[in-house]
Amino acid sequence: MLATWTPDQELNQVRLRSGADMKRKLKWYDLVALGVGGMLGVGVFVTTGPVARNHSGPSVFISYIIAGISALLSSLCYTEFSVQIPVAGGAFSYLRVTFGEFVGYFAGANILMEYVLSNAAVARSFTEYLCSAFGISDPNSWRVEVPGLLQGYNKLDFSAVALVLILTFCLCHSTKESSILNLIMTAFHIVFFGFIIIMGFCNGSVENLVKPTGLTPNGIRGVLDGAAIVYFSYIGYDSVSTLAEEIQNPPVTLPVGIIGSVFIVSGLYCLMALTLCVMVPYNQIAEKASYSMAFQRIGWKWAGNIVGAGASLGIVASLLVAMLGQARYLCVIGRARLVPSWLSKVHPSTGTPLNATLFLGLCTASIALFTDLDIVIEIISIGTLLVFYLVANALIYRKYVLTSKNPPFPTLSFLFLITSCAIGFSISWKLEQQWWGLPLFGGIIMVVTAFFQYTVPCLGPPSEWSVPFMPWPAAVSIFLNVFLMTTLKMLSFQRFAIWGLLITLFYVLYGVHSTFEAEEMGMEMAVNEVPNPSIQLTKLEV
């Protein structure tokens, strides 16, 4: 469970288990477009309406700013890891080389859960906006209701299933062609966003931002609760890091692709959220197909139809990138033998992880058939925030212990204190009456981080790209991820606990044995490949 791999092993020995290499065809603009396309269609069209109506009110754009800051800090941590370890495993590989096999597996399983559930939810939103594109006001009119099933699972969505299956077959064919398709759709989508923003501000009223109950009807608590939910909107930039084996010049391309896409999307999200609240008072915003309904409410039915069509296209682009990333994650987990090895195979002619793409496509289509968005959206946010929290911890540990050769105790103590203070701050926030805890725990975090910065040197070898002002960005990322997690509902934690138990049982009963056998087989093959086995055994022992 605690066994770690070196970056060199991830890049060479483990990657060979796929049988063929992925083809390096992507450039920096492909990566930016994939990052923007992966995030842009999900957030504004799926989460903005419900969050504005039920949590943040007109200040939903502030929720997006807070979530964007947290996503940017996490993206910095991802970027440094992706430059040092340019493999398709993303957070799974970064955590495996830092904290060991089980932590990497647990994060990887949560990422896969996050991708499959979010893709299923987004595919169902596609049906809602497609209805509005044809002028149909009832978003459930294209779904088949089954009386015998539970509420929330009783509306079968065959349009969503068809979309997922079509995209699955496209991704099996070629990554580069899929990237070109995404580039075209993303360019159109940005123009389409510009249309909504300009038309919305021209026909809206600033008074709607303060009517009927002010900018923050539910106070700062509503803004932060909204930030935790809209964090779902930033799922997508991490999928860019999973394309590291398919890009040219990773040290330059990866930072531009990851950080650039987060900046662009954050700005567009804030403008789009403002536009919605300017057009319609927050308590009149529709929870389904919010933007289409807003245009119809101001008397522009034709614009509502255009918005429905454009949103549908944006959702397709988001799904394309997310499904691209999820297959790479599963492929690398298969290389580690934590899941059956046939999922790791790369097709020699297409250069894509064919089996993983097909398997996850079928899983996503099955969930999209019957599960409503409200059921999965918060458990998605928990999984995302937990993985980003672990990556920030791993970056600090790697920089200050593994590469700098410092003793681990000071760094582990620092990480423990930061997490404990973040939890204390969150509890004080939840209790409402214990306001003294906010400045106390916030002050401790700042003092501990400053003390750690000046007492523990970072002496590792120079990297091709590194996060500036360490350890501050990673420490703030840890705090924000913990805090945003605690704003979610208890039911989401209960569902997450059940999922965590299931994946842990799978690891204990299958994964740990399979990886051990794979390493034994690898050692036997290494011994058999040299004329004098005793020489090779000496190397392995060292």
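The values are calculated or read from the model by the stated rules, or taken from the named source; none is laboratory data. Keep in mind that this is a model prediction, so the values were computed, not measured. As a convention, Cβ positions derive from the backbone with ideal geometry for all residues, glycine included, and neighbour counts pool all protein chains shown. Remember, those area values only see protein heavy atoms, side chains included, never the ligands or the DNA or RNA. Shrake-Rupley method; radii C 1.70, N 1.55, O 1.52, S 1.80 Å.
Computed values, structure above
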| quantity | calculated |
| --- | --- |
| Matching helices (runs of 4 or more DSSP H) fully within region 401-493 where at least 3 residues are open to solvent by less than 20 Å² (accessible area, probe 1.4 Å), under 25 Å from VAL51 (Cβ atoms) and not basic (Lys, Arg) | 408-431, 472-486 |
| Breaking point among (1) open to solvent by 10 Å² or more (accessible area, probe 1.4 Å); (2) touching a residue at least 24 places away in the same chain (Cβ under 8 Å); (3) under 30 Å from ASP30 (Cβ atoms); (4) more than 16 Å from the chain's Cα centre (by Cα), for ALA286 | (3) |
| Residue match in region 41-48 (condition: among the aromatic types (Phe, Trp, Tyr) and either over 30 Å from VAL346 (Cα atoms) or outside any helix (DSSP H, G or I) (or both)) | yes |
| Residue that is modelled with the highest pLDDT [pool: residues in region 494-513 that are open to solvent by 20 Å² or more (accessible area, probe 1.4 Å) and within 25 Å of PHE81 (Cβ to Cβ)] | THR504 |
| Residues located in region 216-248, provided they are touching a residue at least 24 places away in the same chain (Cβ under 8 Å) and more than 19 Å from THR47 (Cβ to Cβ) | VAL240, SER241, THR242, LEU243, ALA244, GLU245, GLU246, ILE247, GLN248 |
| Odd one out for THR384, checked against (1) open to solvent by 10 Å² or more (accessible area, probe 1.4 Å); (2) among the hydroxyl-bearing types (Ser, Thr, Tyr); (3) under 22 Å from GLU101 (Cβ atoms) | (1) |
| Meets criteria (in contact with a Cys (Cβ under 9 Å, 6 or more places away or on another chain) and either touching a residue at least 60 places away in the same chain (Cβ under 8 Å) or within 22 Å of ALA109 (Cα to Cα) (or both)) for ALA422 | no |
| Selected residue (only one of ALA309, ALA317, ALA303, ALA322 is assigned to a helix (DSSP H, G or I) and over 25 Å from LEU34 (Cα atoms)) | ALA303 |
| Answer from LEU130, LEU95 - the residue that is open to solvent by 10 Å² or more (accessible area, probe 1.4 Å) and in contact (Cβ under 8 Å) with a residue 24 or more places away in the chain | LEU130 |
| Any hit, region 254-271, residues being outside any helix (DSSP H, G or I), buried (at least 19 other Cβ atoms within 10 Å of the Cβ) and touching a residue at least 40 places away in the same chain (Cβ under 8 Å) | no |
